[in-house]
Amino acid sequence: MMLSFAWISALAVGIFSAHVFQRLCFPYFWKDFFFLLTLCRYGVKLELFRLTSSVCTVLDRFIQQAHRIPDKPFIIYEGSVHTYKDIEKRSNILANVFLQKLNVTKGDCVALLMNNEPDFVCVWFGLAKLGCPVAFLNTNIKSKSLLHCINSCGAKAVIVGADLVECLHGIVSNLLEDDIQVWAMKSHCEGTKVESVLDHIDAATDKPLPAILRATTSLKSPTLYIFTSGTTGLPKAAVITHLQSLKAAGGFWAFGVTENDVMYIPLPLYHSAASLIGIGGTIELGATCVLKKKFSASQFWNDCRKHNATVFQYIGELCRYLCNQPKLLLKYDLVKYDMMKDEPMKDQYGFCQRVKKGETGLLLSKVSALTPFFGYAGSKQLTEKKLIRNVFVKGDAYVNTGDLMAEDNEGFISFKDRVGDTFRWKGENVATTEVAETLGSVDFIQEVNVYGVEIPGHEGRAGMAAMIIRPGFVFDGNTFFEHVVKELPTYARPLFIRLQVVMEMTSTFKQQKFQLVQSGFNPSTISDPLYMLDYQQNSYIPLTKNVYQHILCGECKL
């Protein structure tokens, strides 16, 4: 009896000790464990799709929900409620218009340039019902960059929102010469080279198209192209497969969101967070989303209260912190980065070095069978440049995110900065080489070096350009302002200009950015002439010490 009691006591002490040890050293163990089980359940579902070659896509799931809960609100937009049945019917009508009027077939890519509105989703689904992959175009890009994006994804046609038709002025002729059709979501486009979608709406039926058109047997077939600025040059079309879209659509479900929740989506739908996770996640659950045309800090909480929002979609810049992401199946590492050389630091054996807790490092995501990287559309060189090989051992491969991040003692990571030839401002990545090329076309500029500088009280980095003026010319703030506003989206326009006599170069004959970034835009410490973008005067005006102080005090709207 005494032996039995001692055994039970020892067992109880062991269990209690293990519990205390777990709570002290691994406080999130059980939460992580059950979250992992949830992911495994969803993974089994995707694996069955692969084994049976019968894929239930995000669009298929939407159609299922439209039949299951036809009258439930799907999208709430500017006070109007659009049910699952409404979006299904509207997308069927558009699908029939596209089938009859667009010269595209299953597999042809169609580019979509629209702001946030219910018709974005209707056009997206209407094209998907034809079996056409859709390329989401960033609504901020213009002229040459926009033309590049449309061509790089191999689009056969472009659908543009009624309020964005002017963005195509200057490139419509180029598109038509390349046999790329241009259609607008507006009525009466007479006298232009743009065709009207809405003129054909009334005569179209809402009868569903044959399911065979949208069907796919492979999780790896592309369904979307989403553009990223990358680390250098013009935007690149990232291939989004059905596998990736289904994984993203399961995000809300994996984190415990239910069909009774209301999602608030203020991000642009061309952004993967809003479209793949936000819209896709809403569909997977059969929930409701509140779609905002544009993020507004002043209206945010009023909107949430008005619509009883319980979940909202955001990126770090909107809330000054990143989402908590537990380290489970998604393998990532933070490695030391040399800001001067603009490359990861290597040890004596040529491998990358992990940073310590709390230190800032380059975020790398491991490529594996569970987390494949499908790359970019077009040249394989673009995909290969995004990868870093032989990181920790020979033969491994990681995706270079271009983000500098830090991990705290509890395993939570936070965004710090962008690396190389990009910086982030207003929630968007800015490619410095693309901006520099655009600025360099001004007749009085001989050489330009674009980079980002920190402004106290603001997330990310604001654009700044160091420039050399051609001999015999002077800097014209009015002319430069007109060029910048015409050619560049708001977030990519340099806020500050620094006129130099000589452009500093690195030992490898690259433009020196590090010292320029470090020196910032303080006229008290910089002897070079400085200018600032001023929308009130429609010009670049001298950046004085007084103006600089107003910026630091938050009295200037940037």
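The values are calculated or read from the model by the stated rules, or taken from the named source; none is laboratory data. These numbers come from a predicted model, not from an experiment. Positions of Cβ are generated from backbone atoms using ideal geometry, with glycine treated the same way; all protein chains shown enter the neighbour counts. For accessibility, only protein heavy atoms count, side chains too; no ligands or nucleic acids. Shrake-Rupley method; radii C 1.70, N 1.55, O 1.52, S 1.80 Å.
Taking segment 127-161 only, how many residues are part of a loop (DSSP other than H, G, I, E, B) and either free of Cβ contacts under 8 Å to residues at least 24 places away in the same chain or more than 18 Å from GLU177 (Cβ to Cβ) (or both)? Residues meeting the conditions: 11.
Where strands (runs of 3 or more DSSP E) sit wholly within segment 353-463, those with at least 2 residues that are at pLDDT 85 or above occupy 360-366, 387-389, 397-407, 445-453.
Of all residues in segment 187-246, those being of a type in the set (Val, Ile, Thr) and touching a Cys at 6+ places or on another chain (Cβ under 7 Å) number 0.
Is there a residue being of a type in the set (Phe, Trp, Tyr), crowded, with 18+ Cβ neighbours inside 10 Å and touching a residue at least 60 places away in the same chain (Cβ under 8 Å) anywhere in segment 258-272? For segment 258-272, residues of a type in the set (Phe, Trp, Tyr), crowded, with 18+ Cβ neighbours inside 10 Å and touching a residue at least 60 places away in the same chain (Cβ under 8 Å): present.
Assess whether ARG389 counts as being basic (Lys, Arg) and open to solvent by less than 40 Å² (accessible area, probe 1.4 Å). No: the conditions fail for ARG389. When LEU176, LEU164 are checked against the criterion of being part of a helix (DSSP H, G or I) and open to solvent by 50 Å² or more (accessible area, probe 1.4 Å), LEU176 stands alone in meeting it.
Applying the criterion of being without any contact (Cβ under 8 Å) to a residue 40 or more places away in the chain and not in a helix (DSSP H, G or I) to the residues of segment 535-545, the residue that is most open to solvent (accessible area, probe 1.4 Å) is GLN536. For segment 161-186, give me each residue that is under 21 Å from LYS236 (Cβ atoms) and β-branched (Val, Ile, Thr). The answer is ILE171, ILE180. What's the total number of residues in segment 510-553 that are under 28 Å from ALA431 (Cβ atoms) and among the small types (Gly, Ala, Ser)? Summing the residues that are under 28 Å from ALA431 (Cβ atoms) and among the small types (Gly, Ala, Ser) in segment 510-553 gives 3. Would you be able to say whether some residue in segment 69-81 is of a type in the set (A, V, I, L, M) and surrounded by fewer than 20 Cβ atoms within 10 Å (Cβ to Cβ)? Yes, that holds for at least one residue.
So, in segment 127-146, of the ones that are more than 17 Å from the chain's Cα centre (by Cα) and under 18 Å from ASN115 (Cα atoms), which residue ends up modelled with the highest pLDDT? Applying the filter and picking the extreme gives LEU127. Count of segment 131-184 residues, restricted to those that are among the β-branched types (Val, Ile, Thr) and over 16 Å from TYR270 (Cα atoms), is 5. Among the residues of segment 222-259, those identified as hydroxyl-bearing (Ser, Thr, Tyr) and at pLDDT 85 or above are THR223, TYR225, THR241, SER245, THR258. Between GLU259, GLU284, the distinction of being touching a Gly at 6+ places or on another chain (Cβ under 8 Å), charged (D, E, K, R) and not in a helix (DSSP H, G or I) belongs to GLU259 only. Those residues that are touching a helix residue (DSSP H, G or I) at 6+ places or on another chain (Cβ under 9 Å), surrounded by fewer than 16 Cβ atoms within 10 Å (Cβ to Cβ) and not in a loop (DSSP other than H, G, I, E, B), I need them from segment 199-212; list them, please. Once the filter is applied, which keeps residues that are touching a helix residue (DSSP H, G or I) at 6+ places or on another chain (Cβ under 9 Å), surrounded by fewer than 16 Cβ atoms within 10 Å (Cβ to Cβ) and not in a loop (DSSP other than H, G, I, E, B), segment 199-212 yields only ALA211.
Residues considered: GLU428, GLU454, GLU487, GLU434. Of these, the only one that is among the acidic types (Asp, Glu) and open to solvent by 60 Å² or more (accessible area, probe 1.4 Å) is GLU454. Inside segment 47-86, residues that are at pLDDT 95 or above and part of a loop (DSSP other than H, G, I, E, B) make up a count of 4. Per the conditions (1) out of contact with any Pro (no Cβ under 7 Å at 6 or more places or on another chain); (2) closer than 24 Å to ALA111 by Cβ, the sole criterion not satisfied by ILE240 is (1).
Assessment of segment 494-517 against the conditions (part of a loop (DSSP other than H, G, I, E, B), in contact with a helix residue (DSSP H, G or I) (Cβ under 7 Å, 6 or more places away or on another chain), charged (D, E, K, R) and more than 27 Å from LYS336 (Cβ to Cβ)) yields no matching residue. Evaluated against (1) open to solvent by 20 Å² or more (accessible area, probe 1.4 Å); (2) within 21 Å of the chain's Cα centre (by Cα), PRO235 falls short on exactly one condition, (1). In segment 287-306, how many residues are open to solvent by 40 Å² or more (accessible area, probe 1.4 Å), part of a loop (DSSP other than H, G, I, E, B) and either closer than 21 Å to ASN260 by Cβ or without any contact (Cβ under 8 Å) to a residue 24 or more places away in the chain (or both)? Of the residues in that region, 3 qualify.
Just one of the numbered conditions (1) within 27 Å of HIS550 (Cβ to Cβ); (2) open to solvent by less than 20 Å² (accessible area, probe 1.4 Å) is not true of PRO523: (2).
Within segment 90-110, residues that are closer than 20 Å to ILE63 by Cβ have Cβ atoms under 8 Å from residues that are among the polar types (S, T, N, Q) and open to solvent by 20 Å² or more (accessible area, probe 1.4 Å) in these pairs: ASN92/THR205; ILE93/THR205; ASN96/THR205, counting only partners at least 6 apart in sequence or on another chain. Cβ-Cβ distances below 7 Å connect the following pairs, each with a first residue in segment 396-408 that is farther than 15 Å from MET339 by Cα and aliphatic (A, V, I, L, M), a second residue that is open to solvent by less than 10 Å² (accessible area, probe 1.4 Å) and part of a strand (DSSP E or B), and a separation of six or more residues or different chains: VAL399/LEU364. If you go through segment 457-482 and keep only what is more than 24 Å from the chain's Cα centre (by Cα) and surrounded by fewer than 17 Cβ atoms within 10 Å (Cβ to Cβ), you end up with ILE468, ARG470, PRO471, GLY472, PHE473, VAL474, PHE475, ASP476, ASN478, THR479, GLU482.
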